[in-house]
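The values are calculated or read from the model by the stated rules, or taken from the named source; none is laboratory data. Because the structure is a prediction, the values reported are computed rather than measured. Note that we place each Cβ from the backbone using ideal geometry, even for glycine, and neighbour counts take in every protein chain shown. What goes into the accessible areas is simple: the full protein's heavy atoms, side chains included, and nothing from ligands, DNA or RNA. Shrake-Rupley method; radii C 1.70, N 1.55, O 1.52, S 1.80 Å.
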Amino acid sequence: MANGVVEGIAIDRSFWEERSRYRGILSWILSTDHKRIGILYLSSMIVFFLVAVGIGVLMRLEMISPGETIVSAQTYNQLFTLHGMIMIFLFIIPGIPAVFGNFFLPLQIGAKDVAFPRLNLLSWWLYMLGACLALLSLFVGNGPADTGWTFYAPYSIRTGTNVTIAVIAGFILGFSSILTGLNFLTTIHRLRAPGMKWFRMPLFVWSLYATGWIQILATPILGITLALIVVERVLGVGIFDPAKGGDPVLYQHLFWIYSHPAVYIMVLPAMGVISEIIPTFVRRTIFGYKMIAFSSMAIAFVGYLVWGHHMYTSGISDTSRMAFSFLTFLVAIPSAVKVFNWLATMYKGSIDFQPPFLYGISFMFLFTIGGLTGLILGALATDIHVHDTYFVVAHFHYTMFGGAGFIFFAALHYWGPKMFGRMYNKKLSYYAWGLLFVGFNTLYMSMFILGYKGMPRRYYYYLPEFHNLQVSATVGSWILVAGILLMFGNLIYGFWKGEKASQNPWGGTTLEWQVATPPPLENFHKIPVVETEPYDHRHKFREVK
Ligand code: HEM
Ligand SMILES: [Cu+2]
């Protein structure tokens, strides 16, 4: 039977109708059901994302002409710091694991919930506490931090803005990520259904497994580093500030020892989602299942060893620069294995260009541009030229936004109907995709060229020869935001008022498509027994009537 059959399941109350002793919003914010926690993360995350997008548009508006346009130079510093902090710590790092990992991991392995449901709820509460603190830093004292999201020392030690509150918020958000990772690793080790052997797990589960190890091993390093900033700011102990005998380069090492592996907390789950979407819409089993699973683990491991490529210009030795450059090229190999296997799966497949597939393969195009420019940044000779310019800003928007961000959108289009039980308007999602894709490339391609020509990042003023491309970048941001708003408007209206969705609208083969839509509270009445490999289109499972 196909990847386990759910026998004798009756149409049951969906998790939306959970009977709990609490009513209204309390029945949500005090629920330990993994599906409800996934929806809690989704709703809070979309709000934070849209706030940060708004800040991004403001920054682009400011840059439409050299000199003051709408905000002062100091405010501009605070805007890019806030934008980066919210996008990284409140959207893209929790992102796919917290929303779709929470909702679908137990369903995909045949479990009733994650291993520690109450700890799971605590992770969301910590996420919200961290978010509230970050937003509080807007309104008290000297206003939000103006250091950039990287909080480089010694400026982050000396500035009078709310760095202390911001880094405490980061510290708390780190715990939310650690607890989520811990929960997922234990769930995958302990709660798989009978027959769900390691090499029968969907590849999304493998990507969450690799990500979980980074979440629990790397995040504590960020926690300690941010705590040391607070110690130095509050107690004046010299750790990073050379004026007090500290070492600012030590700060950079500690910060990037977490923040480079952190880019894989962002991208690995995205690579897992696309490995689900491609077999579904090309109606073929995935090419090189084991190699894709292993390449997730390889990326997670080698990704720990490349952090120095952020510090080629900070005065580290030539030997270490060469070593970090070599290792950076090495990490490109397992990523390329994945791209090759996805293309091989699509080759000669009967492709069904549904919205999830379209958003999904945009990831492959945009992430490949991000990855290849990553090699330009990984090479010493070229990096020295483009480090700290718009080229870097464009590069990480292609990898993080074009990569993980577009997959977040693809996952919403793919799994949203299962989560909410209703469909969205497909035509509108194609239009939204068009605006997103054209706006995205206009904005960030302009920034690639500006950076290559020498436009520094985080600068408020610029030379007249940069003006035309700055204008096209800003126009690109308007088209991009029109796409974002149309996409979310269409999805929210569809999930609320749209036509009822069937149990398996896309013909997926993994377990979540074998339970009712939306899923019942307990997921499965009887623990399923898994008998075949995932993505096996030869076996059709019975619709629950
Ligand atoms: C409509 C969407 C967006 C727009 C218009 C936008 C625009 C920008 C601009 C113009 C900057 C450069 C500021 C400068 O160096 O002068 C920037 C920086 C940044 N963006 Fe975005 N961005 C968007 C979405 C995103 C997303 C989705 C992410 C992450 C997933 C992201 C993460 C960052 C980070 C980390 C920085 C660096 C901030 C710093 O220098 O400290 N952005 N963004
Ligand atoms: Cu890096």
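A few points about this structure:
- Where G308 falls short, out of the listed (1) within 16 Å of ligand 2 (Cβ to nearest atom); (2) of a type in the set (G, A, S); (3) within 19 Å of the chain's Cα centre (by Cα): (3)
- Index of the failed condition, W478 passing every other in (1) among the aromatic types (F, W, Y); (2) assigned to a loop (DSSP other than H, G, I, E, B); (3) surrounded by fewer than 21 Cβ atoms within 10 Å (Cβ to Cβ): (2)
- Here T368 fulfils each of the conditions (1) open to solvent by 30 Å² or more (accessible area, probe 1.4 Å); (2) within 15 Å of ligand 1 (Cβ to nearest atom); (3) without any contact (Cβ under 8 Å) to a residue 60 or more places away in the chain apart from (2).
- Which numbered condition Y359 fails, given (1) at pLDDT 95 or above; (2) farther than 25 Å from L305 by Cβ; (3) more than 16 Å from ligand 1 (Cβ to nearest atom): (3)
- Matching entry among L179, L203 (being touching a residue at least 12 places away in the same chain (Cβ under 8 Å), under 23 Å from the mean Cα position of the chain (by Cα) and farther than 28 Å from T509 by Cβ): L179
- In this entry, Y152 passes the filter for residues that are closer than 20 Å to Y258 by Cβ, open to solvent by 10 Å² or more (accessible area, probe 1.4 Å) and either modelled with pLDDT of 95 or more or in contact with a Pro (Cβ under 9 Å, 6 or more places away or on another chain) (or both).
- Verdict on A381 being more than 14 Å from ligand 2 (Cβ to nearest atom), open to solvent by 20 Å² or more (accessible area, probe 1.4 Å) and of a type in the set (A, V, I, L, M, F, W, C): yes
- Filter result for T442 (open to solvent by 10 Å² or more (accessible area, probe 1.4 Å) and in contact (Cβ under 8 Å) with a residue 60 or more places away in the chain): no
- Here is the figure for the range 151-163: residues that are within 14 Å of F240 (Cα to Cα), in contact with a Phe, Trp or Tyr (Cβ under 9 Å, 6 or more places away or on another chain) and either of a type in the set (D, E) or within 15 Å of ligand 1 (Cβ to nearest atom) (or both) total 4.
- Residue within the range 373-396 that is under 21 Å from I492 (Cβ atoms) and in contact with a strand residue (DSSP E or B) (Cβ under 9 Å, 6 or more places away or on another chain) present: no
- Search result, residues across the range 227-256 that are without any contact (Cβ under 8 Å) to a residue 12 or more places away in the chain, part of a helix (DSSP H, G or I) and either more than 24 Å from H309 (Cβ to Cβ) or in contact with a strand residue (DSSP E or B) (Cβ under 6 Å, 6 or more places away or on another chain) (or both): V231, L235
- Hits in the range 269-301 - residues which are within 16 Å of ligand 2 (Cβ to nearest atom) and surrounded by fewer than 19 Cβ atoms within 10 Å (Cβ to Cβ): F301
- Within the range 41-63, residues that are closer than 20 Å to Y461 by Cβ and of a type in the set (D, E, K, R) reach partners that are more than 10 Å from ligand 1 (Cβ to nearest atom) and open to solvent by less than 40 Å² (accessible area, probe 1.4 Å) with beta carbons closer than 7 Å, at six or more positions or on different chains, in the pairs E62/V71.
- For A293, the criteria (1) farther than 30 Å from L491 by Cα; (2) touching a helix residue (DSSP H, G or I) at 6+ places or on another chain (Cβ under 6 Å); (3) in a loop (DSSP other than H, G, I, E, B) hold in every case but one, which is (3).
- Boolean, I299 is farther than 18 Å from G370 by Cβ and of a type in the set (A, V, I, L, M, F, W, C): no
- Test: residue in the range 394-411 that is within 14 Å of ligand 2 (Cβ to nearest atom), touching a His at 6+ places or on another chain (Cβ under 8 Å) and open to solvent by 10 Å² or more (accessible area, probe 1.4 Å): no
- Any hit, the range 230-247, residues being within 16 Å of ligand 1 (Cβ to nearest atom) and at pLDDT 95 or above: no
- Among the candidates L129, L107, residue that is open to solvent by less than 10 Å² (accessible area, probe 1.4 Å) and in contact (Cβ under 8 Å) with a residue 40 or more places away in the chain: L107
- Considering each residue of the range 75-87 in turn, none proves to be part of a helix (DSSP H, G or I), under 16 Å from the mean Cα position of the chain (by Cα), within 16 Å of ligand 1 (Cβ to nearest atom) and within 30 Å of F524 (Cα to Cα).
- Counted residues, the range 132-176 - those being without any contact (Cβ under 8 Å) to a residue 60 or more places away in the chain and assigned to a loop (DSSP other than H, G, I, E, B): 9
- Scanning the range 488-541 for residues that are among the charged types (D, E, K, R) and open to solvent by less than 40 Å² (accessible area, probe 1.4 Å), we see that the one that is farthest from the chain's Cα centre (by Cα) is D536.
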